[in-house]
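In what follows, a structure is listed as structure tokens, so that the remarks can point back to it.
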Amino acid sequence: MKKFLMLLLTMILAVGVLAACSGDNSSESGGSTDETAEGGSGDGEESSDGESGKPDTLTLWVNDDDKQVEAIKTITDKYTDETGINIEMTRINMTDQVEKLDLDGPTGNGPDLFFQPHDRLGNLVVRGLAEPVDLGDAKDGYTDTAISAMTYDGDIWGAPAVIETYGLFYNKSLVDKAPETMDELMAIAKEQTSGGSYGFLGELNNFYFAYPFFAGPGGYVFGKEDGTYDTSDIGLANEGAVKGAENIQTFFEEGYIPKEVSPDIMNGLFNDGKAAVVMTGPWARPGYEEALGDDLGAAPLPKVDGEHMQSFVGVKAWMLSSFSENKEWATDLMTFMTNEENAMTYYEMAGEIPPRTALLEDSAIVEDPITAAFAEQTNYGEPMPSVPAMQQVWEPAGNALQFLAQGDDPKDVMEETVQIIKDQIAASGQ
């Protein structure tokens, strides 16, 4: 009997210990659940409104231009109204953004989106500063040229916001119409250049503007196949490029264009009615309109052998920082800022041409003869190469133009230039 009572007592004590242990575990579990609920940042709360990871703020680095900043502010205010996400803008000149991102990005002080011309794309990718983006269905609204410009190694690296190139402005009081062929342009230069006045002016000592004269007869910078540049194939000394170099030299040798031509010289002469035709971009329009009024006209570049001259086309785009912690929402913002409605707002406020197919056919652009001329020229141009090796082209090509202006043999100059470019590419590892 005593053994039975002792056994019963032992069983009762064991049950009590198990119950106590069970109570402790319940208490710890309950404490953990309450803490998650009170924290307000658990997965359950984020998924409850269907907007997982929605940030309070997205940050932009915008180009330091008053009209552009005002336009972007107008557009992003609408985004805030629609999403509740605040947009923080910092004004930084485009030319300074890359170096600053190099420093600020890794420390967490960089932007979600920044604004850059496409020809810096390869350099940005190599430095690990940008992230490829999926534009989804929005991709179809941009022009093929704009998407091509923003494509590198098979990926798209931003949302195109602006497309630009250069063409001709002319003074209607000095010429009846814009020259449609290179022969007509040369005739105007010959007939109207005398006594400090010029028939045609262009920065032919700057490779950016001189490129159409090389490309027209068949020159090119790098060979390209299936969207990929072959930087070992440089076409600046082929037969067409040499012919273009000879044409450029003629302008200098005949005194049609001053060897020291600069934007200030060209713009001053055109505004004063001492230049009939000039080659530049739509950014010069405000000053020209103020000086010439209704006498100002614009046209695409002339034809060579029946084909339109190929200008360099530039695309400026919103790009995604590789350091952004809000990549999905930042991509959503860039497509919002560049959609059809907001691209038109940006054009109306900032005056820059939108790279959207539908808008280039919109009456607001088509019925503006000056904007329409430059929009048309974008169809004939080609995006500046965005590969890092392009950085090794500008200085040698610019020097070549100086040698041409001094009267050096065009074939020798261009062959030496190509060799210098190849040597610099090899030395840079690009």
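Out of Ala237, Ala284, I need the residue that is of a type in the set (Gly, Ala, Ser), touching a Ser or Thr at 6+ places or on another chain (Cβ under 8 Å) and more than 26 Å from Thr151 (Cα to Cα). Which one?
On the way: Ala284 fails: touching a Ser or Thr at 6+ places or on another chain (Cβ under 8 Å).
Criteria check complete, one pass: Ala237.
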Within the bounds of the range 307-316, is there any residue that is surrounded by fewer than 16 Cβ atoms within 10 Å (Cβ to Cβ) and either touching a strand residue (DSSP E or B) at 6+ places or on another chain (Cβ under 6 Å) or within 30 Å of Ala241 (Cβ to Cβ) (or both)?
yes
The condition of being under 21 Å from Thr378 (Cα atoms) and either in contact with a Pro (Cβ under 6 Å, 6 or more places away or on another chain) or open to solvent by 20 Å² or more (accessible area, probe 1.4 Å) (or both) holds, among Glu328, Glu340, only for Glu340
If you check Phe403 against the conditions, is it free of Cβ contacts under 8 Å to residues at least 60 places away in the same chain, under 27 Å from Gly281 (Cβ atoms) and touching a helix residue (DSSP H, G or I) at 6+ places or on another chain (Cβ under 6 Å)?
yes
Show the residue pairs that are 6+ apart or on different chains and have beta-carbon atoms under 8 Å apart, the first residue being within the range 409-430 and open to solvent by less than 70 Å² (accessible area, probe 1.4 Å), the second being among the hydroxyl-bearing types (Ser, Thr, Tyr).
Ile425/Thr231
Starting from residues that are in contact (Cβ under 8 Å) with a residue 24 or more places away in the chain and open to solvent by 60 Å² or more (accessible area, probe 1.4 Å), keep the ones in the range 63-81 and report whichever is nearest to the chain's Cα centre (by Cα).
Asp64
Scope the range 126-137; condition out of contact with any Phe, Trp or Tyr (no Cβ under 6 Å at 6 or more places or on another chain) and buried (at least 18 other Cβ atoms within 10 Å of the Cβ); matching residues
Leu129, Glu131, Val133, Leu135
The range 229-285: number of residues that are surrounded by 16 or more Cβ atoms within 10 Å (Cβ to Cβ), among the small types (Gly, Ala, Ser) and either under 16 Å from Leu201 (Cα atoms) or touching an Asp or Glu at 6+ places or on another chain (Cβ under 9 Å) (or both):
5
Index of the failed condition, Asn379 passing every other in (1) surrounded by 17 or more Cβ atoms within 10 Å (Cβ to Cβ); (2) under 30 Å from Asp233 (Cα atoms)
(1)
Using the structure shown, decide if Phe336 is assigned to a helix (DSSP H, G or I), free of Cβ contacts under 8 Å to residues at least 24 places away in the same chain and not β-branched (Val, Ile, Thr).
no
Among the residues in the range 132-147, are any within 19 Å of the chain's Cα centre (by Cα), under 28 Å from Ala210 (Cβ atoms) and of a type in the set (Phe, Trp, Tyr)?
no
Pick from Val98, Val133, Val125: which is assigned to a loop (DSSP other than H, G, I, E, B), hydrophobic (A, V, I, L, M, F, W, C) and within 29 Å of Ala389 (Cα to Cα)?
Val133
So, in the range 48-80, exactly how many residues are in contact with a Phe, Trp or Tyr (Cβ under 8 Å, 6 or more places away or on another chain), at pLDDT below 95 and assigned to a helix (DSSP H, G or I)?
0
Residue tally, condition open to solvent by 50 Å² or more (accessible area, probe 1.4 Å), over 24 Å from the mean Cα position of the chain (by Cα) and at pLDDT below 95, over the range 187-226:
1
Qualifying positions in the range 155-171 - in contact (Cβ under 8 Å) with a residue 40 or more places away in the chain, of a type outside the set (A, V, I, L, M) and open to solvent by 10 Å² or more (accessible area, probe 1.4 Å):
Trp157, Glu164, Tyr170
Is at least one residue of the range 111-118 in contact with a helix residue (DSSP H, G or I) (Cβ under 7 Å, 6 or more places away or on another chain) and assigned to a loop (DSSP other than H, G, I, E, B)?
yes
From the residues in the range 351-369 that are open to solvent by less than 20 Å² (accessible area, probe 1.4 Å), more than 22 Å from Tyr211 (Cα to Cα) and aliphatic (A, V, I, L, M), which one is nearest to the chain's Cα centre (by Cα)?
Leu359
Of (1) modelled with pLDDT under 95; (2) closer than 21 Å to Trp329 by Cβ; (3) open to solvent by less than 50 Å² (accessible area, probe 1.4 Å), Gly31 satisfies all except one. Which?
(2)
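Report, by residue number, each residue of the range 93-121 that is under 15 Å from the mean Cα position of the chain (by Cα), surrounded by fewer than 19 Cβ atoms within 10 Å (Cβ to Cβ) and over 21 Å from Pro355 (Cα atoms).
First pass over the range 93-121, keeping only residues under 15 Å from the mean Cα position of the chain (by Cα): 93-98, 113-121.
Adding the requirement that they be surrounded by fewer than 19 Cβ atoms within 10 Å (Cβ to Cβ) leaves 93-96, 98, 117.
Across the range 93-121, the qualifying residues are Asn93, Thr95, Asp96, Val98.
The values are calculated or read from the model by the stated rules, or taken from the named source; none is laboratory data. Values in this document were obtained by computation on a predicted structure and should not be read as measured data. Please note: Cβ atoms are built from the backbone with ideal geometry, for glycine as well, and neighbour counts cover all protein chains shown. Only protein heavy atoms, including side chains, enter the accessible area calculation; ligands, DNA and RNA are left aside. Shrake-Rupley method; radii C 1.70, N 1.55, O 1.52, S 1.80 Å.
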